[in-house]
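No value in this document is a laboratory result; all are computed from the given coordinates. All values reported here derive from a predicted model rather than from experimental measurement. When we count neighbours, we look across all protein chains shown, and the Cβ atoms used for this are built from the backbone with ideal geometry, even at glycine.
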């Protein structure tokens, strides 16, 4: 099995950490910085953590939102972490504005409040086991469509989901030493 080529949205946020992790795991990695970059062939895309509103506005301004939505809707594997999860969500519970809207969930931005803005814990992820989880001003999933698989909960709050070609986490797997979340995503991107 070939690991494939992974594109990382590189307009804002923790894209360098995502690119470093993917490369270290043996996959080819490219940066998506402008609309023309979306014309390249790639087997999966990562939407990194950062500021979801800034990323969303940049996707619109750069003309990248619609082509990216189209690729994901047609089955391109995508992993959204933290802000990336918000970009994917069909609905944002505490914000009227949405972005890609391909993942049938409702998320809550900055859901843990300013005081608990960042924290580290461990949690069970379905199909993987216990993994470290770093949350930075993180969202959580308030509600999912019936067909969405819930992969992880922390204190009864949904923090990881999978739906068809889409994987979303409220935490930052690229900031911990454990590779299993990225390995799960790379398996979704493998070329036979």
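Computed over the Cα atoms, what is the radius of gyration of the range 1-114 divided by 2.2 N^0.38 Å, N being its residue count?
1.02
Over the chain, consider all pairs of different Cα atoms and compute the Kirkwood hydrodynamic radius from their mean reciprocal separation; express it in Å, one decimal. Can you show the working numbers first?
Working: mean 1/r = 0.0617 Å⁻¹.
In the chain this quantity evaluates to 16.2 Å.
Return the distance in nm (one decimal) between the two label points of a simple spin-label model at residue 20 and residue 66, each offset 7 Å from Cα along Cα→Cβ.
Placing both labels 7 Å along Cα→Cβ, they lie 3.7 nm apart.
Can you give the % of DSSP beta bridges in the chain that are antiparallel, to the nearest 5?
Given both bridge residues lie in the chain, the antiparallel proportion sits at roughly 55 percent.
How big is the range 123-168 by the Kirkwood estimate over distinct Cα pairs, in Å?
Evaluated on the range 123-168, it is 11.2 Å.
Relative contact order, percent, of the chain when contacts are C-alpha pairs under 8 Å separated by at least 6 residues?
Numbers: 435 pairs, mean separation 40.0, N = 192.
Dividing the mean separation by the residue count of the chain yields 21 percent.
Using a 7 Å offset from the Cα along the Cα-to-Cβ direction at both residue 124 and residue 156, what is the distance between the two label points in nm, to one decimal?
1.7 nm
With a/c under 1.5 counting as rounded, go ahead and sort the range 62-135 into rounded, prolate or oblate using the C-alpha gyration tensor (a ≥ b ≥ c being the square roots of the eigenvalues; past the cut-off, prolate if a/b is larger than b/c, else oblate).
oblate
What is the list of residues in the range 160-186 whose amide nitrogen lies under 17 Å from a point 7 angstrom out from the Cα of residue 33, following Cα to Cβ?
What the label zone holds, given the 17 Å backbone N cut-off, is no residue at all.
Using helices alone, what [θ] at 222 nm do you get for the chain, with -39,500 (n - 2.57) per DSSP H run of 4 or more residues, divided over all residues and rounded to the nearest 500?
Helix contribution divided over all residues of the chain: -6500 deg cm²/dmol.
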